[in-house]
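Notes follow once the structure below has been shown.
Every read-out reported here was derived from the displayed coordinates using simple, explicitly stated rules and does not represent laboratory data. Everything numeric here is computed off the predicted structure, so don't read it as measured data. Note: ideal-geometry Cβ built from the backbone for every residue, glycine included; neighbour counts use all protein chains shown.
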Amino acid sequence: MRIDLHTHSTVSDGTQAPADVMRAAAQARLDVVALTDHDSVDGWDEARDTAAGLGLAFVPGIEVSCRHQGISIHLLSYWHDPASDEVAAMLGKTRHARVDRAREIVARVSRDFPLTWDDVVAAGPDAVTLGRPHIADAMVARGHFATRDDAFASVLAGNSRYYVPHYAPEVNDAIRTMALAGGVTVFAHPGADARGRVVPTSVIEEMAGAGLVGLEVDHRDHSAPQRERLSGIAERLGLVRTGASDYHGAGKPNRLGENTTPVEAYRRLEGARP
Ligand code: AMP
Ligand code: ZN
Ligand code: FE
Ligand code: FE
């Protein structure tokens with residue numbers, strides 16, 4: 001069984017439509033795949049329909065933008081009720097804030113580089129959730145950078161003078177909100193320190209207390225020592241150790257199935273559904 005529980009489509013910052021992500025997953029010989037777009041579930045229906053036709057088991061998921069004491073945290077949730085008013089309100093607030101924030105980043109960048117808001121909209125025509133990757137793509141289209149990665153290494157970096165943060169819910173509130181809606185939560189790439197600050201172990205303990213179910217230990221942004229440390233924490237706190245690709249199509253080098261979740265771990269996630 002090959003199980004990949006973290007992928008993105010054009011609903012957020014992936015480069016393939018949800019149906020195409022499912023086709024790519026079948027081609028990568030996955031048996032189980034989750035679609036986990038940032039802050040939106042709009043890809044679920046299309047992905048579910050396509051996966052069914054391919055004999056692929058589809059897991060409905062999301063990657064919720066969260067914060068804790070100023071540090072950005074990504075929280076994966078699986079199987080929650082997409083119609084929950086509390087979940088919809090939380091995500092709607094974040095998506096709205098992301099648009100205001102993207103406009104502000106574009107305003108700052110456009111003082112130094114020719115770039116308009118229309119360029120960004122054109123870079124993510126299907127995006128329900130806008131992010132820095134769309135601004136990166138717009139700058140690539142304008143010829144300012146060769147790749148998304150180059151844009152992120154420069155003007156879009158978290159420590160750049162063009163950077164603007166956006167509202168995101170407190171992570172322990174988000175864990176409880178998702179759990180009340182039937183979701184099973186996993187802390188995404190908890191040790192990915194190359195892209196920004198990460199939280200100390202004490203915060204993972206708090207999250208476990210709030211109902212967190214798993215830790216995404218096996219992810220390309222984690223070194224071997226980080227995986228060792230995180231798997232020790234997972235074991236001690238009774239959290240499920242997961243692994244996934246964080247596939248973004250052509251937007252990132254991450255390939256489907258490059259990290260996977262063992263079937264026993266997957267069964268534990270299923271068993272944690274409230
Ligand atoms: P945002 O949520 O708008 O702050 O943008 C962060 C998103 O950008 C994350 O989902 C990452 O997957 C993506 N990202 C971060 N760094 C890079 C990079 N170097 N190249 C491509 N995508 C990136
Ligand atoms: Zn992303
Ligand atoms: Fe993430
Ligand atoms: Fe992701």
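What to note about this one:
- 17 Å tail of the calculated P(r), the stretch 54-193, as % of Cα pairs: 64
- Label-to-label distance, nm, for residues given as Arg29 and Glu86 (7 Å Cα→Cβ offset): 4.3
- Relative to the current alpha-carbon distance between Arg161 and Ala122, full extension at 0.36 nm per residue lengthens the span by 11.6 nm.
- Within the stretch 240-274: backbone nitrogen closer than 16 Å to the Thr147 label point (7 Å, Cα to C-beta): 247-256
- With the simple spin-label model, which puts each label point 7 Å out from Cα in the Cβ direction, the Arg111 to Ile71 separation comes to 3.1 nm.
- For the stretch 222-274, the alpha carbon convex hull comes to 100 Å³ per residue, rounded to a whole number.
- Phi angles of the stretch 195-212 translate, via the Karplus equation with coefficients 6.51, -1.76, 1.60 and θ = phi - 60°, into HN-Hα couplings of 9, x, 5, 10, 7, x, 3, 4, 6, 5, 4, 4, 5, 4, x, 7, x, 4 Hz per residue; Gly and Pro are given as x.
- With all pairs of separate Cα atoms included, the stretch 178-274 yields a Kirkwood hydrodynamic radius of 13.9 Å.
- Taking amide H as placed 1.01 Å from N in the peptide plane, Ile73 has its amide H under 5 Å from the amide H of Cys66, Arg67, His68, each at least 5 places away in sequence or on another chain.
- Averaging 1/r over every pair of different alpha carbons in the stretch 119-241 and inverting the result gives a Kirkwood radius of 16.6 Å.
- Computed extension gain for Asp49 through Arg236, at 0.36 nm per residue and net of the alpha carbon distance, reaches 63.4 nm.
- Under a Gaussian network description of the chain, with springs only between Cα atoms under 10 Å, the residue in Asp42, Asp13, Asp112 that fluctuates furthest is Asp112.
- Relative contact order of the stretch 85-219, taken over Cα pairs closer than 8 Å and 6 or more residues apart, is 22 percent.
- Phi to ³J(HN,Hα) by Karplus 6.51 cos²θ - 1.76 cosθ + 1.60 over the stretch 87-93, Hz, x for Gly, Pro: 5, 4, 5, 4, 5, x, 5
- Using a Gaussian network model of the chain in which every pair of alpha carbons under 10 angstrom is joined by a spring, one finds that among Ala88, Ala17, Ala51 the greatest mean-square fluctuation is at Ala88.
- Of the residues Gly211, Ile233, His74, the one whose Cα sits farthest toward the positive end of the charge dipole of the chain, with +1 on the Cβ of Lys and Arg and -1 on the Cβ of Asp and Glu, is Ile233.
- Residue-averaged 222 nm ellipticity for the chain, from DSSP H runs of 4+ at -39500 (n - 2.57), nearest 500: -12500 deg cm²/dmol
- Net charge dipole size for the stretch 1-144 [Lys, Arg +1 and Asp, Glu -1 on Cβ; Debye, nearest 20]: 480
- Cβ charges +1 (Lys, Arg) and -1 (Asp, Glu), total dipole of the stretch 20-93, debye: 280
- Using distinct alpha-carbon pairs, which all enter the 1/r mean, Kirkwood radius of the chain in Å: 18.7
- Taking amide H as placed 1.01 Å from N in the peptide plane, the amide H of Val240 sits under 5 Å from that of Gly214, Leu215, each at least 5 places away or on another chain.
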